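Notes follow once the structure below has been shown.
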Amino acid sequence: MKRFVKPVIILTATLFLAPVISTAGAQQLTAKEIVKKADEKFNGEMSGYSVMSMTIVRPTWQRSVEFKSWSLENDYSLTLITAPAREKGQTFLKRGSEMWSWNPAINRLIKLPPSMMSQGWMGSDYTNDDILRESSVVEDYTHTMEGEEAIDGRMCYKIELKAKEDAGVLWGHQIWWVDKNEFILLKAELYDEDGYLVRTERGLDLKTMDGRFIPTTIELVPAEEEGHKTVLKILEIKFNVRLEENFFSQQNMKTIR
C-alpha cells in the first residue's frame, strides 16, 4: 500500500515468472499477475485525482489532515493540504525522482534531500519515501503463492513478495492478502531486510468509486510503536482525468486551490 498515499509507481527491472496457480473456474494466473492486478486497482491508469483525509493517532492525542492529489503517468504528482487551517495551502510536488514542498506561511520552496526521505509525511506513519518511492511491487520482487486465507470474511490469495538482490527497495519482503474475486489488497505486512515486521496495512470499507470497487479506508499500524496508527479515508477519487505535464510545476504549487 502506498502506495495508498503516493499516486505513482515506476516499473523497472526484469520479468520474473512465478509458479502458475488457478482461479476458480477462470483463467490461469501467476502469483505475479495477481499482484499486478491488485496494484493496478490504484496505479494502473494514466492520471488520477483524489480527495482524502488522514487521521494520525497517538497514545495521548490525534489530529486530522485533509488533502487533494493529482497524478499523471508514473512521474508526476501534486498534493495540496486543505486542512487544518494552520497548514492549509502547503503543497508537495513530485517530478521524476525529485520532490519539493511549498509552505505559504513562510513563503519558502524546499527541495527535499535524500536525508528527509525517512521522515514522517505531515507527522504521520507514512514517510516521504512512501510518496516518492520509485520501486515496483511487480518488477522488483519475486512472488510466491503461500496458500489461501480469509480476511474479513473474504477469501484471499496469500502471496510473499521477496525483494530481488539488485532492487533498490525499502522492504526486504512483504506478505499480501489479495481478494480472490475482486483482486483487492486487503492486508499487507511489510518487513525490513533483517526479516523484522515494520508495519501492517489494511484495506477496509470496500465501495465502488468512479466505477471501481476499492478499499476506501487504509489503516497503517507500526509494529513496534504501541498506540500509533495512521488512517486514510478516500472521500473522492477519479481515474483518467484530463491533465498535462505543465500542470505539475513549481509555479502551480503556489497557486493551486
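None of the figures in this text is laboratory data; all of them are computed from the coordinates on show. Being a predicted model, the structure only gives us computed values, none of them experimental. Cβ sites come from the backbone with ideal geometry, for glycine too, and all protein chains shown count toward neighbours.
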Sorting Gly227, Val137, Ala83 by the position of each Cα along the dipole of the stretch 20-255 (Lys, Arg +1; Asp, Glu -1; all at Cβ), the one nearest the positive end of that ordering is Ala83
Additional length obtainable on full extension of the chain from Thr142 to Ser64, 0.36 nm per residue less Cα span:
24.4 nm
Starting from the Cα gyration tensor of the stretch 182-233, take the square roots of the eigenvalues, sort them a ≥ b ≥ c, and report rounded, prolate or oblate (rounded when a/c is under 1.5, otherwise prolate if a/b is larger than b/c, else oblate).
oblate
Take every Cα pair under 8 Å in the stretch 20-255 that's 6+ residues apart, average their separations, divide by the length, and report that relative contact order as a whole percent.
20
For Trp176, Trp100, order by how many other beta-carbon atoms lie within 10 Å, fewest first:
Trp100, Trp176
Charge dipole magnitude, Cβ of K and R +1, D and E -1 - the stretch 20-255, Cα centre, debye nearest 20
1040
Please arrange Asp194, Asp130 by how many other C-beta atoms lie within 10 Å of their C-beta, fewest to most.
Asp194, Asp130
Mind checking the full-extension length gain between Lys254 and Phe239? Use 0.36 nm per residue of separation minus the Cα-Cα distance, one decimal, nm.
3.0 nm
Note: Asn74 to Glu182 extended length (0.36 nm per residue) minus current alpha-carbon separation gives 36.5 nm
Holding the Cα-Cα limit at 32 Å, pick out from Lys162/Lys254; Lys37/Lys254; Lys41/Lys94; Lys88/Lys162; Lys37/Lys111 the pairs that are longer than that.
Lys162/Lys254; Lys37/Lys254; Lys88/Lys162; Lys37/Lys111
In terms of the ratio Rg/(2.2 N^0.38 Å) built on C-alpha atoms, what value belongs to the stretch 20-255?
1.04
Under a point spin-label approximation (7 Å from Cα along Cα-to-Cβ), what is the Glu165-Trp100 distance to one decimal in nm?
4.1
When Glu201, Glu40, Glu139, Glu226 are ranked with the fewest other C-beta atoms within 10 Å first, the list becomes Glu226, Glu40, Glu139, Glu201
In whole angstrom, note down how far apart the Cα centers of the stretch 62-100 and the stretch 208-227 are.
18
